1. Where a ≥ b ≥ c are the square roots of the eigenvalues of the C-alpha gyration tensor, would you call the range 6-202 rounded, which needs a/c under 1.5, or, failing that, prolate if a/b is larger than b/c, or oblate?
2. Pop the C-beta distance of HIS197 and GLU75 into the FRET formula with R0 = 41 Å and round what comes out to the nearest 0.05.
3. Along each of the three principal axes of the Cα atoms of the range 1-85, give the extent in whole Å, ordering the values from largest to smallest.
4. For the range 1-85, which trypsin sites (Lys or Arg not before Pro) are both in a DSSP coil and crowded by at most 10 other Cβ atoms within 10 Å?
5. SER133 to VAL187: FRET efficiency via 1/(1 + (r/R0)^6), r the Cβ-Cβ distance, R0 25 Å, to the nearest 0.05?
6. Which whole-Hz ³J(HN,Hα) couplings does the range 5-21 yield from phi under the Karplus relation 6.51 cos²θ - 1.76 cosθ + 1.60, θ = phi - 60°, glycine and proline marked x?
Amino acid sequence: MAFVPGLLCTRTKITDPKVTDEAYNDWYTNKHLVDTVNAGLAAVGARYKNVNGNAEWPYLALYRLQDIRLLANPEFIATIPNDSPLEWGGAVPLNSVVAMDIKGYVPVGVRESQKDGVVVDGIPKVVVTQEWSTTESSPVDFQDSQLEVIKNSKGYRRSILVREAQPSKDGKTKLLTIHELDEIPAVETKDSQVWKHISDYGTGLYRIEPKKGRR
């Protein structure tokens, strides 16, 4: 059976005051990110920090999944270590010290930068995300008003549209747009979050879309 590629989006925030940002980032970057990729869930993972210091979710991790169906396999998920470090007060479940918003997505479409006529591979230094939903029965596509603003930003690479894999109870199609850039955009877009690269791990291809060229 063919693999079903996808994207795992994990947003987190520290809820235990005893855990510092420094300790959390050291653990996530050097332990949890590595464990998640090495377990075989993802070919590569990348971490980002919200540039808005008052944002609900300070941290974002994006994992390029080789087969999104593994997320629904409890036996496989159990192989990924999920305990917090001993110095955080004992090897307690991670969700007792960190709040997490975890969602799996399947790819819908991609819009490449038209500049220079090439496609840039690799992990972007900045991502801009926007969550939205639709009840329309017509094919899902990008929100062109936001795309028009972002695509003219310096360092723009591409925009990726993904659909939440888990069906929603309200019948709506839950969507996430991810704009990849090499610099923080000078313009703001409505209802979006801007994230700056912290770290990454993995040796697989970051992109899940077909390559059209590279530089």
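1. Details: a/c = 1.73, a/b = 1.44, b/c = 1.20.
Prolate is the answer for the range 6-202, as a/c is 1.5 or above and a/b outweighs b/c.
2. Details: r = 33 Å, r/R0 = 0.80.
So the FRET efficiency works out to roughly 0.80.
3. 45, 26, 19
4. Numbers: sites: ARG11, LYS13, LYS18, LYS31, ARG47, LYS49, ARG64, ARG69; in loops: LYS18.
The qualifying sites are LYS18.
5. Numbers: r = 24 Å, r/R0 = 0.96.
Once the sixth-power term is evaluated, E becomes 0.55.
6. Result, rounded to whole Hz: x, x, 9, 9, 10, 10, 9, 9, 8, 6, 10, 9, x, 6, 8, 7, 4.
The numbers here are math on the coordinates, done by the rules we state, and not lab data. On a predicted model such as this, the values are computed, not experimentally measured, just so you know. So basically every Cβ, Gly included, is an ideal-geometry build from the backbone, and we count neighbours across all protein chains shown.
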